[in-house]
Structures are given as structure tokens and as C-alpha cells.
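Novice: My structure is below; once you've seen it, I'll send some questions.
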Amino acid sequence: MELADKAVGCFLSAFSLTIFIYYTFWVIILPFVESDHFIHGYFLPQEFAILIPVFAGVALLSILCVFVGYVMLKSKAKKKKQT
Amino acid sequence: MIIIEPGSHLRAREASLFERSESPKETKQGNIPKIQGSQAPHLSSPHPPLRSLRRSRYTSRNNQHIQMKHILKIMALVVAISAIWISLLETSVIPRSYTWLLPVYLIMSLGCYGLLMVGVGLMLFPTCPQEAVLLQKDIGEAKEFLKGKGVDVGSD
């Protein structure tokens, strides 16, 4: 049981660290690197650096709203069935 | 050296619970069963005493006040940071193409930091395996005791 917890925790922290390092590189370091360096091939064009987080945030918010609405509807249906 | 038997406190509690529950029919109100200890102190009187009602209203209003101040603090911080950022942009210290990059970067790093803290907390969570074994033994003993007394323990 605790091994599964530790594995999930390790995966989460590694994932967040990778995302953070990649994003830092993309936004802060890459503009100061000259245009024909080979590293530019590993990163998407810079407009995506804004689009992807904004898109992910909007998706997260909408999923939350859908979930909250679903739970509210289900509780109202249950209350109507009880009375 | 003091040797504590692990299930003894549970047995004492179950015994007292059983003695209490055998006299519900003798209360004056008839149908109201007697509940253990701290869960229902005011069953005999119709309202809670006035002093505690006033105190609960005061603390809830105080709580709202504290939350209001906290939100105002956070909003003031956000307004200050955005004012600095917009002034930096307007006076051409930073090129216009960077307008959205820094705020989105800060929000992303905040999310990453939160995720990292959750992961680290999960990894460093303190478990007590000996206590877990003792707890399982206590649960088994309690179930057997209750089953012996005739109480339905439920899932198994």
C-alpha cells in the first residue's frame, strides 16, 4: 500500500519537475539563444507556450463546472425521489 | 514495565455502550433513545441556552470578517503586481510580445509548485505499520465481542 503511494508521489513530483523545467527553458532561456541553434528543434514555436497552458486551464475549469453541475443535478434527483 | 492489552479499552467502551442502550424506554420523552456521551447534551431542554446562541453568531460573523480581510489582501497583491507589469510594458522596458508570457509563466509555475508539494508529501507520508497491525487486531476483537453479544456488525 505504501509502495503504491510512494510510486504515485514520485511520479507526480517527477512529472511536475519536468513540466516546470521544460516550460522555464521555453519561455525564459530560448529567446536569448540564437535562431539556428539545434535546441530550437526540440521546442514548439513560441505561440504555443501561451496557447497550451491557457487551453489546459480552460479545459480544467470546464471539467470542474461540469462535475459540480452533475453532482448538483444528481442530488436534486435523489431528493425528489425520496420525498 | 506496564503491559497494556490492546483491546481492553475497546471492550470497556463497548460494555458501557451496551449498558446505556438497554434503558431507552425509561426516558421521560418516550421515543427519544439515549445517545452515548457527547453527541446529544441538550435532549431534555427544547432550545439551546441563549448565551451559546449569541456566541455562535458572533464567532461566525467574526469568521466572515477575517475571510473578507484575507481576500482583500490577496486582491490588493494581485492589483499591485499587475500594475507593475503593465507599467513595465507601457514604458517599453519589455517588448510587447512578452505581454502574456510572464503572467502565464507565473501561474504555470504556481501549479507546478502545488503538484510538487503534493508529490513530496505523498512520498514522505509517515505510516506506522505496527499500529496498523494492532488496529486490525482491535477491530477483530471488537467484532467478535459484539457478535457474541448479538449486535449485527455488518460487512465482513
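The values are calculated or read from the model by the stated rules, or taken from the named source; none is laboratory data. Keep in mind that this is a model prediction, so the values were computed, not measured. Glycine also receives a Cβ, built like all others from the backbone with ideal geometry; neighbour counts cover every protein chain displayed. Quick note on the areas: whole protein, heavy atoms, side chains included, nothing else; ligands and nucleic acids left out. Shrake-Rupley method; radii C 1.70, N 1.55, O 1.52, S 1.80 Å.
Novice: So how tilted is helix A:48-82 from the main axis of chain A? Cα-based, degrees 0 to 90, rounded to 10.
Specialist: Orientation of helix A:48-82: about 10 degrees from the principal axis.
Novice: Kindly state, to the nearest 0.05, the FRET efficiency for A:LEU61 paired with A:LYS81, given R0 = 35 Å and r defined as their beta-carbon distance.
Specialist: 0.70
Novice: Please work out the average accessible area per residue across segment B:63-156, using the 1.4 Å probe convention, and give it in Å².
Specialist: The answer is 80 Å² per residue.
Novice: For segment B:73-88, in order, what is each residue's ³J(HN,Hα) by Karplus, 6.51 cos²θ - 1.76 cosθ + 1.60 with θ = phi - 60°, in whole Hz (x at glycine and Pro)?
Specialist: Each residue of segment B:73-88 in turn: 4, 5, 5, 4, 4, 4, 5, 5, 5, 5, 5, 4, 5, 5, 5, 4 Hz.
Novice: With a 1.4 Å probe, what is the total accessible area buried between chains B and A, in Å² rounded to the nearest 100?
Specialist: Approximately 1700 Å², summed over both chains.
Novice: Looking at segment B:101-139, which residues lose a minimum of 50 Å² of accessible area between their chain alone and all protein chains in place, measuring with a 1.4 Å probe and not counting ligands or nucleic acids?
Specialist: Relative to the lone chain, where solvent access is computed with a 1.4 Å probe, segment B:101-139 loses at least 50 Å² at B:LEU101, B:VAL104, B:TYR105, B:MET108, B:CYS112, B:LEU115, B:LEU116, B:LEU122, B:MET123.
Novice: Please report the carbon-and-sulfur percent of the accessible area for chain A; probe 1.4 Å, protein heavy atoms only, DNA, RNA and ligands left out.
Specialist: 77 percent
Novice: How far is helix A:2-24 tilted off the main Cα axis of chain A, in degrees rounded to 10, range 0 to 90?
Specialist: 50 degrees
Novice: Are there any residues in segment A:1-40 with a reduction of at least 40 Å² in accessible surface when going from the isolated chain to the assembly of protein chains? Probe 1.4 Å, please list them by number.
Specialist: For segment A:1-40, once contacts with the other chains are taken into account, A:GLU2, A:LYS6, A:LEU12, A:SER13, A:SER16, A:PHE20, A:TYR23, A:VAL27 lose 40 Å² or more.
Novice: Where only protein heavy atoms count, and the probe is 1.4 Å, what is the accessible area per residue for segment A:30-79 in Å²?
Specialist: Dividing the accessible area of segment A:30-79 by its residue count gives 87 Å².
Novice: As an exercise, use a Förster radius of 35 Å and the Cβ-Cβ distance of B:TYR98 and A:VAL8 to find the FRET efficiency, rounded to the nearest 0.05.
Specialist: Taking R0 as 35 Å, the efficiency between B:TYR98 and A:VAL8 is 0.45.
Novice: Another question, then. Residues of A:56-66, mean number of Cβ from any other protein chain within 10 Å of their own Cβ, rounded to a whole number?
Specialist: Neighbouring Cβ atoms belonging to other protein chains average 1 per residue here.
Novice: Based on Cβ point charges of +1 for Lys and Arg and -1 for Asp and Glu, what charge dipole magnitude is obtained for segment A:13-83 about its Cα centre, in debye rounded to the nearest 20?
Specialist: 1300 debye
Novice: Using 0.36 nm times the number of residues separating B:VAL151 and B:ILE107, minus their current alpha carbon distance, what extension gain do you get?
Specialist: In short, 10.3 nm is gained.
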